[in-house]
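What follows is one structure encoded as structure tokens, with my remarks underneath.
Readers should treat all values here as calculations from the given coordinates under stated rules, not as data from a laboratory. These numbers come from a predicted model, not from an experiment. Methodologically, a virtual Cβ is constructed for each residue, glycine included, from the backbone with ideal geometry; neighbour enumeration extends over all protein chains shown.
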Amino acid sequence: MLRFLIKRLLFAVPTLLAVLTVVFVVARIMPGDPAQVIMGDQASAEAIQALRARLGLDRPLWVQYFEFMGGALTGNWGSSMVTGRAVLGEVLNVLPFTIELTFVSVLVGAIIGVPLGVWSALHRNDTIDYVTRIGSLLGLSFPAFVMAIMLLLVFAIQLRWLPVISSGGDGSLADRAKHLVLPAANLGIIMAAYITRVTRSSMLEVLGEDYIRTAHAKGVPSMAVVWRHSLRNALIPVVTVVGLYLGILIGNSVLTEIVFNRPGLGKLIVGALTQRDYTMLQGLMVVYTFIIVVTNLLTDLTYGFIDPRVKYQ
Amino acid sequence: MAEAPVLSVQGLTTEFRIGGQWHAAVRDMDFQLARNETLALVGESGCGKSITALSIMGLIPKAAGRVARGRIEFEGRNLPDLDDLEMRKLRGDRIAMIFQEPMTSLNPVLTIGFQVAEVLRYHRDISASEAREKALAILEEVKIPSARQRLDDYPHQFSGGMRQRVMIAMALACQPQVLLADEPTTALDVTIQAQVLVLLAELKQRFGMSMIFISHNLGVVATIADRVAVMYAGEIVETAPVGELFDRPTHPYTEALMRSIPRVDRTSAELFAIPGQVPPISRMPQGCRYAPRCGLKQAICEQQSPPLEPLQGTATHFARCWVRAGGAA
Amino acid sequence: MSAADATAPAQDGGRARAMRQMLRALNANKTSWVGIVTMAVVILIAILAPVLTSHDPLEQNILDKLKGPSAEYVLGTDSYGRDIWARLVYGAQISLWIGTVSIAIAMIIGSIIGMIAGYFGGKLDLVIMQAMDVLLSFPSLILGLMVVAMLGPSIGNLIFAIALTAIPPFARIARAPTVSVKERDYIEACRALGYSHPRILVVHILPNIFPEILVMGSLWLATAIRVEASLSFIGLGVRPPTPTWGGMIREGFEHILDSAWLSIAPSIAILIVVFALNMIGDGLRDVVDPKLKGERGG
């Protein structure tokens, strides 16, 4: 088990290096001199040159590359070209908000999606099934920011149940939870739509398996056939989809953070992109890559938890 | 047959919905199963053998199929009349079933110890540890080597033959009256097949069970059955004690089946294949269902369906044929 | 079905069969019909935009700003006094255009990449598919954001960005059938007859993967339109004042407290289009992927 973990993490290193290289290359071929961008059009040539020297942009590319790679891997990500604050610190400041948001929304998605998918599969081609299928299709048709705006309109502006802006507050746990409800519901509902569909189709497949017939032939009550014999098998593809869904989830979290004005990686990256903050962008790419690697690892571990046929070698 | 039969099937008709219409996959089945008897249901795939077994078990998928008519009498009750709960309590306890595919018939995410003990948990009022001990005993009974160490193993850690033994253990855990074995050895290697057949016969004797053994393989049937019912297109076309049937196959279909068994005393050139195909259940012929493929066909065969009638001079050998058994010839 | 595939050497046979399959798929599914009709209406509205609108989408009437629906402005006006209906209709043109072109590009490039990887196999296959997997695992919105931020926000760059993120799934879906089809006898025969690789790929393999590619296309078209709207909403998509739905929501969002309608109207438009496309794709998939369709019998 431990060996498997170590091996998987080692495997992730080349991916990480490749992504970092791409990030470096992309950042350097972006049009516009960052020093120029930072100083603005009015700046003198000397001032820009001085800034270039300070940012290390005047050195040969390969030197910059190795410095960048070394820095990225040792956690020395430099400081923001715009604010001058340490990138790592900035990222670590907002990372908990994004993690909290995505984690809770995956949870919400699973808690709604799995039972709904099972229920739908058990009532295949009934009205219930039909409504669930159309509903989940509608759910995943929502661009995240559209649903976010709708939720904001209804629950924060019309009903005034929840705060309009998700940042700020007095920092207490209750306050933090209150600020999390709408963003997490937003991501959670869209996630639930995906999970419902996968659970339904995978459940239908499992219900047709020979071992389900065996369970019935043994006289196992229907409820136990569904929850003990079917669901665990049906969850295997669901885990795959949740893992693959991560990319969409990260994208959606960016949009959600913007609509609810919530601190997080999303707001950071949009800011970095519009302001050409290369160092910040590089740091964020490293973080995203790391998140993806860790999630893939978690997905694989979950497989092993569900499916005894998976061995860690 | 002085003793009352353990299981009595009368006029069983099971239908499936195809394109909005109900078609009989099994029609007017009649048979009885005596105590400690093995009845073999024989026929090509799709002839309704498995449907018959699933009808008895009450496992016909509700969305697509139904037991339309007939009685299945068991322990003084008519099974189609029972509700879901009563039927569930019967299944795995009084009537058990094993299936063709040992590789896919066990749940891949549950340990075999759990899967065997589970039967006992649902049908006997015993604790988890008692059930586990009993499961162990029955796994030893079906000769799983070092069963105690293997209780917590998963199905994928067992070979096909061993998995079928686990299936048998599950089926026998509650010592059922009737065991339905649906092609239990078909998916296994020949040597393993023989071992499993011997095991089944042995356990049947020991527990005093009755068994319905479903197979398309007459060779296997000859070794295990007391009585054989040959099925074709959802009907029994001939039934007789096993020796009698092999000595005097009467229905042209039975004859053809016999001729298609590979045997060491014949060359492969003589191996016989029945021409034509089983008609689909949505397009059954009017008269005798075998008529389109039959060499002895006469005018009446295509007009009227022949009844299952006893042959002259016997009370145990029946055939459904105008030419060989009825008065038409 | 696979038996039929194996004995279908005629080039037209494959294509005709693929088409028949698609038609059958459409007939079988009511939801996909709802989607098709809805999309047809949307496309018609987009095409007939000049006829259906009485205002230019860019025309500002500052005196009429933030007006409710009236005979003059069917859906009211935005904060610059522009006709919301006109902006919606012209926005549909841009959304559909960006979506269709980017997915068409992704479909073509992705299929070619997948077919080449599957057909030639070996190291090439390994490297290509590994690259596709890395690309696939990266959040597409972030990738799109990067590309647009890098190249500057223009319709062309937006199309490029969306196409780039949509290539891997098409490559994947084109690869698998190619691997299985190339082993079939008639492909061997073609090779023995001296047919060139491109010819075999286009004439004999493409028709086999076509139905699945098309299903993916309709599902990804929905995604593309969603991504375009998202990028425009973030402010890194099509530049204002060009009317886009995402951009309209962005502008409307600033007035969310007093004029919620400004963001609701384009939201509904996006939802209708994406939902309709998903209904089409979903219905098609049900039939093209028959795994869940077969009824079990005895």
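Brief remarks follow.
- Averaged over B:89-100, number of beta-carbon atoms from partner chains that fall within 10 Å: 3
- Inter-label distance, A:PHE66 to C:ASP185: 6.2 nm, where each label sits 7 Å from its Cα along the C-beta direction.
- Mean projected area of the convex hull spanned by the Cα atoms of chain B, taken over all viewing directions: 18.4 nm².
- Against chain A, whose longest principal axis comes from its Cα atoms, helix A:265-274 is set at around 40 degrees.
- Note, ³J(HN,Hα) from phi for segment C:148-154, Karplus 6.51, -1.76, 1.60, rounded to Hz, x at Gly and Pro: 5, 5, 6, 8, x, x, 8
- Charge dipole (debye, nearest 20) of the protein assembly as shown; +1 at Cβ of Lys and Arg, -1 at Cβ of Asp and Glu: 600 debye
- 3J(HN,Hα) from dihedral phi, segment A:284-298, Karplus parametrisation 6.51/-1.76/1.60, rounded to Hz, x for glycine, proline: 5, 5, 4, 4, 4, 4, 4, 4, 5, 4, 5, 5, 4, 5, 4
- Over chain B: helical MRE at 222 nm, DSSP H runs n ≥ 4 each giving -39500 (n - 2.57), nearest 500: -8500 deg cm²/dmol
- Segment A:92-261 - Rg and Dmax from Cα coordinates, angstrom: 18.4, 59
- Relative contact order %, chain A, counting alpha carbon pairs below 8 Å whose residues are six or more apart: 27 percent
- Total formal charge among the other residues, if their Cβ is under 10 angstrom from that of C:ALA265, Lys/Arg +1 and Asp/Glu -1: 0
- For segment A:4-11, the Karplus equation 6.51 cos²θ - 1.76 cosθ + 1.60, evaluated at θ = phi - 60°, returns couplings of 4, 4, 4, 4, 5, 5, 5, 4 Hz by residue, with Gly and Pro reported as x.
- Exposure proxy for C:SER259, B:SER129: other Cβ atoms within 10 Å of each Cβ, ordered fewest to most, give B:SER129, C:SER259.
- When each of the peptides A:240-248, B:179-187, C:98-106 is scored by how many other beta carbons lie within 10 Å of its residues on average, the order from highest to lowest is B:179-187, C:98-106, A:240-248.
- Label point distance in nm, B:ALA201-A:ILE128, each placed 7 Å from Cα along Cα→Cβ: 4.9 nm
- Within a straight-line Cα-Cα reach of under 18 Å, A:LYS7 can be paired with the following aspartates and glutamates, leaving aside sequence neighbours fewer than 8 residues apart in one chain: A:ASP300.
- Net charge dipole size for segment B:105-173 [Lys, Arg +1 and Asp, Glu -1 on Cβ; Debye, nearest 20]: 160 debye
- Per residue of peptide C:131-141, the mean number of Cβ atoms on other chains within 10 Å of the residue Cβ is 5.
- Here the simple spin-label model places points 7 Å from the Cα toward Cβ, and for A:VAL22 and C:SER196 these points are separated by 3.3 nm.
- Close amide H pairs (under 5 Å, H built 1.01 Å from N) link B:ALA34 with B:VAL6, residues at least 5 positions away or on another chain.
- Counting neighbouring Cβ atoms within 10 Å and putting the fewest first, the residues B:HIS216, B:HIS156 line up as B:HIS156, B:HIS216.
- For segment A:43-109 versus segment C:153-209, the inter-centroid distance based on Cα atoms is 40 Å.
- Cα-centre dipole for chain A with unit charges at Cβ (Lys and Arg positive, Asp and Glu negative), debye to 20: 740 debye
- Angle in degrees between helix B:190-207 and the longest Cα principal axis of chain B, rounded to the nearest 10: 80 degrees
- Cut-off under 5 Å, modelled amide H: who pairs with B:MET231 long-range: B:VAL42, B:GLY43, B:VAL237
- Helical contribution to [θ] at 222 nm, DSSP H n ≥ 4, -39,500 (n - 2.57), averaged over chain A, rounded to 500: -25000 deg cm²/dmol
- Helix B:160-172 and the long axis of chain B differ in direction by around 90°, with both axes built from C-alpha atoms.
- Residues of type aspartates and glutamates that A:LYS218 reaches as a straight line, Cα spacing below 12 Å, ignoring anything fewer than 8 places off in the same chain: B:ASP93, B:GLU118
- According to the calculation over all Cα-Cα pairs in segment B:105-173, the P(r) per 10 Å bin from zero is 24, 60, 15, 0 %.
- Size descriptors for segment B:8-162: radius of gyration and Dmax over Cα atoms are 18.0, 52 Å.
- Cα-based radius of gyration for chain A, normalised by 2.2 N^0.38 Å, reads 1.22.
- Arranged from fewest to most other beta-carbon atoms within 10 Å of their beta carbon, A:GLU46, A:GLU257, C:GLU251 become A:GLU46, C:GLU251, A:GLU257.
- Counting every pair of alpha carbons in the protein assembly as shown, the share spaced more than 37 Å apart comes to 60 percent.
- Here the peptides B:196-207, B:41-52 are ranked by packing, the mean other Cβ count within 10 Å, and the order with the highest first is B:41-52, B:196-207.
- Dipole axis of segment B:105-173 (+1 Lys, Arg; -1 Asp, Glu on Cβ), positive-most option in B:GLY161, B:GLN115, B:ALA147: B:GLY161
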